[in-house]
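Taken together, the values in this text are just the output of simple stated rules run on the coordinates, not laboratory data. Here the structure is a predicted model, which is why all the values come from computation and not from measurement. For neighbour counting, all protein chains shown are included, and Cβ atoms are generated from backbone atoms with ideal geometry for every residue, glycine included.
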2 protein chains.
Amino acid sequence: MELSADASAAEWRRRIRDGSHKRHTAGLAPGVLQTNLVILPSTHALDFMRFCQRNPKPCPIVGVSDTGDPLFRTLGTDVDVRTDLPRYRVFHNGVLSGEPTDITKLWRRDLVAFAIGCSFTFEHALMAAGIPMRHIDCDVTVPMFRTSIACRPAGPFSGTMVVSMRPIPADRVEDVISICQRFPSAHGTPIHVGDPAAIGISDISQPDYGEPVSINPGEVPTFWGCGVTPQNVVLAARPELCITHAPGHMLITDVAENADEPFTQPYAAAA
Amino acid sequence: MELSADASAAEWRRRIRDGSHKRHTAGLAPGVLQTNLVILPSTHALDFMRFCQRNPKPCPIVGVSDTGDPLFRTLGTDVDVRTDLPRYRVFHNGVLSGEPTDITKLWRRDLVAFAIGCSFTFEHALMAAGIPMRHIDCDVTVPMFRTSIACRPAGPFSGTMVVSMRPIPADRVEDVISICQRFPSAHGTPIHVGDPAAIGISDISQPDYGEPVSINPGEVPTFWGCGVTPQNVVLAARPELCITHAPGHMLITDVAENADEPFTQPYAAAA
């Protein structure tokens, strides 16, 4: 039986877990946080977490598993990183070795999983405020660009930032910034507004990832830190093992998209 | 020569470093971020960082040093955790062993330093909005209370939250929440507004730390996560070594208090 897009996050995870949904997750379980995934051996975990703390716009951490624990216990009651994403990418020494739909057999007692915020969250908030998203209207993947912006390094992790671009009507840029301020866990405010060349982008019609979109008269290209950044940075460091989500195949959590902080349970008096 | 309170952060750090200022840091170098300090051996660093990620209201991380590096390189050009706080507390296996004004001789290659946001930041923003701070008007230390609120655990770190309390005029509570939303790096929005008993506080006139303040008619006791929380949680785990700031003797950074994110340099095109 087909599941309707607005079924609950738990239902979608169950469907993904049993192998009956293997496609991307855009639009599924509206209203909850979806996230990027990066899994690393614990030898790299502290440096990667420092890298994310120092680069919160491209790498906003919304969850970290305990070492060896495949559950994200702060993002839902049954969020299992081994089975709950529709497709993964597995890298050995920085080289892609497969795109499985389940990583149960690859899980190890020394792995740490990181959930990293994704742009779906702020896009929904912007559209709710009447700000159009060109790539969604055109049904294409958001255009993404390598930039000359240096990330702040940590241990073996360093590199330049990848950004996503959305054309914004000039008279809505201030609204966009003030709305995005509310979502630090989803890349926060734009990294740059206006001149692509200022951040090392030579041709705005030729994205490095995703697909180009038109920028109409009266619109300003607006750039956000992008979750491709941590993937690139990690792969360049060539860790013995790294597992990520496959593009567009995100983790669906139980956290409300508009939650003050990325946790299923607010702080509450102890039982 | 006495330094005026509004001298720069770098001047105050120099004065503290050479031993000529050994008192608390309240009111010094107005406009910059001051922080709590926790130093731990690297064996505990990943779990402590996970604890902070899971408990951002009492434990907002604003900086993490590289292992063995005594400089907070993202918080200023010369911020040295060994010398730049006026007074420290040194704990062995959770027991206080001294309150030195310099920890250069205790520094080791396996130590990691954490800077944790402090309430000075949001207090200044609230006062700028015309919201009075009773403990400042009365020139006492803010009252702090142990609560029944459980922190989200990580590894050896667990425990209940300590909160600070400020009486807020009932008609300003909404303003307080919306102002504090802008400062997630400084404890963010209140944990609780209203009933002390709901969070396990039996007598609001008997704080566990700091000094009592009056709550006048028309005012509501308002509670924020407090930086004493991570100290208590760390000491309860009895790490072989832990070094913290002494109460009120904070780290003065170069980061602007109203910065979008706690870094001296915004992201910029690589040279």
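If R₀ is 22 angstrom, what is the calculated FRET efficiency for the pair A:Ala5 and A:Asp139, using the beta carbon separation as r and rounding to 0.05?
Working: r = 15 Å, r/R0 = 0.67.
After rounding to 0.05, the efficiency reads 0.90.
Relative contact order for region B:184-264 using alpha-carbon pairs under 8 Å, separation at least 6, rounded to a whole percent?
Numbers: 46 pairs, mean separation 23.1, N = 81.
Relative CO of region B:184-264 lands at 29 percent.
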field: Zone of A:Asp171's modelled label, taken as backbone nitrogen in region A:210-224 under 17 Å from a point 7 Å along Cα→Cβ
entry: A:216-220
task: Return the single residue from B:Asp254, B:Asp80, B:Asp18 with maximal mean-square fluctuation; model: Gaussian network over chain B, springs between Cα atoms under 10 Å.
output: B:Asp18
- prompt: What size of dipole, in debye to the nearest 20, comes out for region A:112-244 about its Cα centre when the only charges are +1 on Lys and Arg C-beta atoms and -1 on Asp and Glu C-beta atoms?
  reply: 420
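Could you work out the helix-only [θ] at 222 nm for chain B, with each DSSP H run of four or more residues adding -39,500 (n - 2.57) and the total divided by the number of residues, to the nearest 500 deg cm²/dmol?
After summing the helix terms and dividing by the residues of chain B, the value is -5500 deg cm²/dmol.
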query: What's the center-to-center distance, using Cα atoms, between region A:215-271 and region B:12-38 in Å?
result: 36
- line: Summing +1 per Lys or Arg and -1 per Asp or Glu among the other residues with Cβ less than 12 Å from B:Leu37's Cβ gives +1
- prompt: In straight Cα distance, which aspartates and glutamates are under 15 Å from B:Lys22, not counting same-chain residues fewer than 8 positions off?
  reply: B:Glu2, B:Glu11, B:Asp84, B:Glu99, B:Asp102
- prompt: What size of dipole, in debye to the nearest 20, comes out for region B:188-271 about its Cα centre when the only charges are +1 on Lys and Arg C-beta atoms and -1 on Asp and Glu C-beta atoms?
  reply: 200
- request: Have a look at region B:130-229 and give its Rg and Dmax from the Cα atoms, expressed in angstrom.
  value: 13.4, 44
message: Using the Karplus curve 6.51 cos²θ - 1.76 cosθ + 1.60 with θ = phi - 60°, what ³J(HN,Hα) values do you get for each residue of region B:5-18, in whole Hz, with x for Gly and Pro?
response: 3, 8, 4, 6, 4, 4, 5, 5, 5, 4, 5, 5, 5, 8
- prompt: If each Cα of the protein assembly as shown is one equal point scatterer, what is log10 of I(q)/I(0) from the Debye formula at q = 0.05, 0.07, 0.09, 0.12 Å⁻¹?
  reply: -0.20, -0.40, -0.67, -1.20
field: Theoretical FRET efficiency, 1/(1+(r/R0)^6), r = Cβ-Cβ of A:His24 and B:Ala259, R0 30 Å, to 0.05
entry: 0.25
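How big is D, in µm² s⁻¹, for region A:172-231 by Stokes-Einstein at 37 °C and 0.692 mPa s if Rh is the Kirkwood radius over C-alpha pairs? Walk me through the intermediate numbers first.
Values: Rh = 12.9 Å.
Estimated via Stokes-Einstein, D reaches 255 µm²/s.
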- request: Can you tell me the dipole magnitude for the protein assembly as shown around its Cα centre, using point charges on the Cβ only (Lys, Arg +1; Asp, Glu -1), in Debye to the nearest 20?
  value: 1480
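Please compute the volume of the convex hull spanned by the alpha-carbon atoms of chain B and report it per residue in Å³. Walk me through the numbers on the way to the answer.
Numbers: hull volume 36.5 nm³, N = 271.
Enclosed volume per residue, from the Cα hull, is 135 Å³.
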Karplus-derived 3J(HN,Hα), 6.51/-1.76/1.60, for each residue of region A:213-221, Hz, glycine and proline x: 10, 6, 10, 7, x, x, 9, 10, x
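Which of the three applies to region A:40-110, rounded, prolate or oblate, going by the alpha-carbon gyration tensor with a ≥ b ≥ c and a/c under 1.5 meaning rounded? Working shown, then result.
On the way: a/c = 1.57, a/b = 1.17, b/c = 1.34.
Taking the square roots of the gyration eigenvalues as a ≥ b ≥ c, region A:40-110 is oblate.
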message: Which residue, A:His44, A:Pro207, A:Leu28, has the largest displacement toward the positive end of the dipole of chain A when charges sit on each Cβ (Lys, Arg +1; Asp, Glu -1)?
response: A:His44
